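Scroll down for the structure; my scribbles are underneath it.
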Ligand code: PAF
């Protein structure tokens, strides 16, 4: 597998005459790869002539210093996992200095309020940080398609808005959530959980599945109240928010409309780790 640490090195390689007309799939990650990431990489390898994977723990999207410091990093293991998929993947592993020079700061964007609800409400400036790094990486790699998991559904919609706003010619591909055996959505942060907590956190998905069941017949507020109350009986799972919102705009659902798609979104703390999940309701 070829690895690049500099933007110039990657750019020069991608613009070489043999590769110039190839389709490029891009999977941006923060490393500590799990089956969810690997599903994105496999899809990219299937659908494109070249796949670029980036591993970069982006400081500007962390509103919590401790979360940034504790974010799992294991580049040797990541390389092994990627090598198991294809040896022709191009790996981009820049330093913070390489990406940001001396100005480690997020840009500012107008996402019409989509960045201020749910995750944005609890993680101030998180999406400005995500948009900043994704814009930099997309502009560098210039992929045909870029792949993102639906576990971070709000992020996925904001990235869709970003490429429209900045007129970046790329197809954004959303991929289904991959789950652990007990239902917990795969996340690099799950590594920080004990085995019993991982199992207990399957309750998050059970609640989302029950929400989907209720969505056809029950009133929205009563479903939200019911789901939130389920966590009162859970000793080690502390709910931060539970919301039902329109999938396209992320606006909180007040009155259902037949032609619109809705999703339920949840954030929960367990053992000091923040977990998020969501489900399509119709
Ligand atoms: O989803 C992630 O891992 C990150 O937010 C991303 C898209 C790689 C940007 O740092």
### Query
Once all Cα-Cα distances of segment 1-79 are split into 10 Å bins that start at 0, what whole-number percent is in each one?
16, 42, 32, 9, 1
### Computed FRET value (nearest 0.05) for residue 236 with residue 49, which takes r as the C-beta separation and R₀ as 51 Å
0.65
### Query
With contacts defined as alpha carbon pairs under 8 Å and 6 or more residues apart, what's the relative contact order of segment 11-132 in percent?
28
### Query
Roughly what % of DSSP beta bridges within the chain run antiparallel, to the nearest 5?
50
### Task
Set the Förster radius R0 to 30 Å, insert the Cβ-Cβ distance between residue 3 and residue 164 as r into 1/(1 + (r/R0)^6), and round the FRET efficiency to 0.05.
0.40
### Message
Cut-off is 10 Å between beta-carbons; in what order do 45, 268 appear when sorted fewest neighbours first?
### Response
45, 268
### Task
In nm, give the distance between the simple-model label positions of residue 217 and residue 122, each being 7 Å from the Cα along the Cα-to-Cβ direction.
3.0
### Query
Using the count of nearby Cβ atoms within 10 Å as a rough guide to exposure, how do 37, 233 rank from fewest to most?
233, 37
### Message
Tell me the Rg and the Dmax, in Å, that the Cα atoms of segment 147-273 produce.
### Response
15.9, 48
### Summary
To the nearest 0.05, the calculated FRET efficiency linking residue 15 and residue 171 through their beta-carbon distance, R0 being 25 Å, is 0.80
### Kirkwood hydrodynamic radius (C-alpha pairs) into Stokes-Einstein, the chain, 20 °C and 1.002 mPa s, D in µm²/s
108
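FYI, it's all coordinate maths here, none of it is from the lab. Predicted model only: the values in this text are computed from it and were never measured. Using ideal geometry, Cβ is built from the backbone for each residue, glycine included, and neighbour counts are taken over all protein chains shown.
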